[in-house]
Amino acid sequence: MTTTQIRRRVDPRAERAARTILTGQRPRLLRQPVVAAVNERRRDPRALRSAALVQSQPRPRYDWTRDATSPTTAATVGIAIAAAPMIPLKVIAEPAYLVIAMLDRPGGEIGEHDRQVIAAARLLADAGGGAVVTVCTGSGEALAEAGSDRHVALPNHWAEDYVPERRAAAASALMTALSPRHILFPDSPDGADVARRLAAAAGERLFTSVQSLGPDRATRQSAGGSLETAHRPTRLMTVAADAFAPLDGVRHEARPLDLETSSVAAEEVLPRLGGVRRLAVDPDALSLSETDFILSAGNGVTDWHSFADLGEALGATRAGSRVVCDAGHLPRERQVGASGTVVSARCYLAFGIAGAPQHLQGITGVRHVIAVNTDLHAEMIKRADLSVVADAQAVMPALIRLIRERRHD
Ligand SMILES: Cc1cc2nc3c(=O)[nH]c(=O)nc-3n(C[C@H](O)[C@H](O)[C@H](O)COP(=O)(O)OP(=O)(O)OC[C@H]3O[C@@H](n4cnc5c(N)ncnc54)[C@H](O)[C@@H]3O)c2cc1C
């Protein structure tokens, strides 16, 4: 596509104003044409359409994300694109007080619940010029975009060998070093465990499962939602899942704080433990709702030996669509979907699954979906972040070969 198809947009009012000469009683217009000072580029729908075309046979398919966001497309059709507006950086240089958010960071990523805890911490911090200090393994831009002003990075290997005693000792060390006004934890199995240990060690009251929060009032529900308990926000609180909306469109500093938490915790805690070691777990023994990596089969899978081998090679939990479970290829408890299990894995690798609404309902909480299907138009391909349009029976052994080669190397 060439830029000759792009015409300048005419602004009659600007042109008229430029040609007007105010002499005497009446305005007079110059005869020669004047190029208007402000000229926008005109969009050519035909040029845009052909630039977005990714496939013409058997049906045309368009990728409209290429319209405005791709610089190459823009260059092809001659559109000037303004750089994406930068979210202004919010800096809290001299915080009046600190609110710590102790995060789980499951699997090395800031999870939804972690973001919600940061959002809850922001409510307390923003009420009086305070700053949010996040504490977890690793670091990264995601923390700044979730609302963290300062960050304390725990050693990376703590994510691997999870020892709640050690985290509680680190939290206690931070409590002494930073004197925070509040410390919030996710009300998750790990977060709640650490919070209770810290509360017991510090002899402080812990307000759990907070569902609404303000500088003067924290509430939680109990008795099946029929009873609400309110309290002044205590220093230690756990935040219920899905009670606070994660922040969007913010950018804070997430400035690293260099505090020595690891040595204190390691020295004090590890000698008291009899030892920490990883146990080999059969991925198929894990519950579908808890596992992080799912290999799933649909009616497009016929090579069940390769499917089992691939599950083993990947260390993924096997699952399937209802058709597969109905046919007896997998037990009923392995069915994903509205009438099966709703999963929230980090990765869902789907072989030969069409993506019926009842199946997709079961994977709404999945972070990354990879689909292998012979049909480019399958709903599962639309849902996927990465798609392989190929025969599942060919992809599975190829993948196994690749994994074995990599392991061998
Ligand atoms: C009340 C109700 C509840 C339901 N609950 C559930 C549920 O919980 N879970 C669930 O899964 N379903 C559920 N269903 C069924 C659902 O509607 C679909 O029928 C089912 O999900 C289809 O399964 P499938 O995608 O494996 O099979 P199909 O619909 O047969 O799709 C097979 C897919 O494999 C692809 N394919 C074919 N050959 C190959 C190949 N060689 N390589 C790669 N791809 C290939 C095809 O292109 C197709 O996309 C429910 C239905 C009802 C009515």
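Inside the range 314-357, residues that are in contact with a Cys (Cβ under 6 Å, 6 or more places away or on another chain) and surrounded by fewer than 19 Cβ atoms within 10 Å (Cβ to Cβ) make up a count of 1. Just need a number here: residues in the range 357-386 that are of a type outside the set (Val, Ile, Thr) and more than 11 Å from the ligand (Cβ to nearest atom). Going through the range 357-386 one residue at a time, the tally reaches 8. Filter the range 328-356 down to the residues that are under 21 Å from Thr374 (Cα atoms) and more than 7 Å from the ligand (Cβ to nearest atom), then identify the one that is farthest from the chain's Cα centre (by Cα). Going through the qualifying residues, I end up with His329. Here the condition is being touching a helix residue (DSSP H, G or I) at 6+ places or on another chain (Cβ under 8 Å), modelled with pLDDT under 95 and over 15 Å from Ile294 (Cβ atoms); of Arg404, Arg346, it holds for Arg404 alone. Of all residues in the range 259-305, those satisfying the criterion of being surrounded by fewer than 16 Cβ atoms within 10 Å (Cβ to Cβ), at pLDDT 75 or above and not in a loop (DSSP other than H, G, I, E, B) are Ala285, Trp304, His305.
Applying the selection to the range 357-385, what residues are aliphatic (A, V, I, L, M) and over 18 Å from the mean Cα position of the chain (by Cα)? Spell out the reasoning first.
To start, the set of residues in the range 357-385 that are aliphatic (A, V, I, L, M) comprises 360, 363, 366, 369-372, 376, 378, 380-381, 384.
Passing the criteria: Leu360, Ala371, Val372, Leu376, Ala378, Met380, Ile381.
The values are calculated or read from the model by the stated rules, or taken from the named source; none is laboratory data. All values derive from a computational prediction rather than experimental measurement. Neighbour counts are summed over all protein chains in view; Cβ atoms, including those assigned to glycine, are modelled from backbone coordinates with ideal geometry.
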